[in-house]
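Encoded as structure tokens, the structure appears first; notes follow it.
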Amino acid sequence: MIRVLASDGIEKAGFDKLVALGFEVVEQFYEPEELKEQVKNFDALVVRSATKVRQPIIDSAVAGGRLKLVIRAGVGVDNIDVAYATEKGIKVTNTPNASSISVAELTIAHM
């Protein structure tokens, strides 16, 4: 079974969809020291902006041998050391269009 850690929370619809597809999804925020230990138990890590995925977290994940994917649920990846993760064999991706409608609505509202 593929285990997913949603460190900064996850939209209910996304959670439900992953569970329906057979994934085990854990919604839990961990401080960096605890995340270093917990990340070893997951195949994928989904973060927003609160969780920082830097070298110590990545090194721990590599030592655990399980983590293959880090997803930033948002536009940027500035909270993830993408080059280091990629070098260590962990794919990093994001959801660049996730907030497009909200940004457009806000822009119209301000006009």
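Applying the Karplus relation 6.51 cos²θ - 1.76 cosθ + 1.60 with θ = phi - 60° to the range 30-47 yields 3J(HN,Hα) values of 10, 5, x, 5, 6, 4, 4, 7, 5, 4, 5, 9, 10, 8, 9, 10, 10, 10 Hz, where x marks Gly and Pro. Think of the chain as having a plus end and a minus end, set by charges on the Cβ of Lys, Arg, Asp and Glu; of Ala85, Phe15, Phe29, Ala85 sits farthest toward the positive end of this dipole.
Once the Cβ-Cβ distance of Arg3 and Arg48 is raised to the sixth power relative to R0 = 22 Å, the FRET efficiency obtained is 0.70.
Secondary-structure-derived ellipticity at 222 nm for the chain, considering helices only, amounts to -10500 deg cm²/dmol, per-run term -39500 (n - 2.57) for DSSP H runs with n ≥ 4. Charged neighbours of Lys91, selected by a Cβ distance under 15 Å, balance to +1 (K, R count +1; D, E count -1). For a straight C-alpha distance cut-off of 16 angstrom, the lysines reachable from Lys36 (same-chain residues fewer than eight places away being disregarded) are Lys52, Lys68, Lys88. Share of the chain's accessible area from carbon and sulfur, percent, 1.4 Å? Here carbon and sulfur together make up 57 percent of the probe-accessible area.
For the pair the range 1-47 / the range 64-91, the C-alpha centres are spaced 14 Å from each other.
Charge dipole (Cα centre; +1 on Lys/Arg Cβ, -1 on Asp/Glu Cβ; no other charges) of the range 1-78 amounts to roughly 240 debye. Relative contact order for the chain: what is it in percent, counting Cα pairs under 8 Å that are at least 6 residues apart? Taking the mean separation of contacting Cα pairs over the length of the chain, I get 23 percent.
The values are calculated or read from the model by the stated rules, or taken from the named source; none is laboratory data. Just so it is clear, the model here is predicted, and its values are computed rather than measured. All Cβ positions, glycine included, derive from the backbone under ideal geometry; neighbour counts span all protein chains shown. For the accessible areas, the whole protein counts, side chains as well, though only heavy atoms, and no ligand, DNA or RNA atoms are used. Shrake-Rupley method; radii C 1.70, N 1.55, O 1.52, S 1.80 Å.
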